[in-house]
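The values are calculated or read from the model by the stated rules, or taken from the named source; none is laboratory data. These figures come from a predicted structure and were not determined experimentally. In this analysis, Cβ positions are derived from the backbone assuming ideal geometry, glycine residues included, and neighbour counts consider all displayed protein chains.
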Amino acid sequence: MGLRIHFVVDPHGWCCMGLIVFVWLYNIVIIPKIVLFPHYEEGHIPGILIIIFYGISIFCLVALVRASLTDPGRLPENPKIPHAERELWELCNKCNLMRPKRSHHCSRC
């Protein structure tokens, strides 16, 4: 199963994403200039700590992009539900399909 890109035009989502990217950029540009680089120049911290900081920061941005663009998937229209799990599923009032409780599986839900 490959990575499927899921792109939704949502103004509120873009606003939240913009805020997150702004905070990330602030932490990746301003904070090292104020905290990390002065301590490195004075010899209080090793250089590997700065490399680890930037590595973790890039990992966080990659995880955010992957989580934001990955398609959450769809439920099959006629799922075969084992009897032991039937109490964990309910009938959708709008499209009359079985779905797990607290899930939204169609545009009408």
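From the list Ile31, Ile45, Ile50, the lone residue that is touching a residue at least 12 places away in the same chain (Cβ under 8 Å) and surrounded by 13 or more Cβ atoms within 10 Å (Cβ to Cβ) is Ile50. Selection of region 26-58 for residues being touching a helix residue (DSSP H, G or I) at 6+ places or on another chain (Cβ under 7 Å) and assigned to a loop (DSSP other than H, G, I, E, B) yields only Ile45. Number of residues in region 61-109 that are under 30 Å from Tyr26 (Cβ atoms), out of contact with any strand residue (DSSP E or B) (no Cβ under 9 Å at 6 or more places or on another chain) and modelled with pLDDT of 75 or more: the value is 8.
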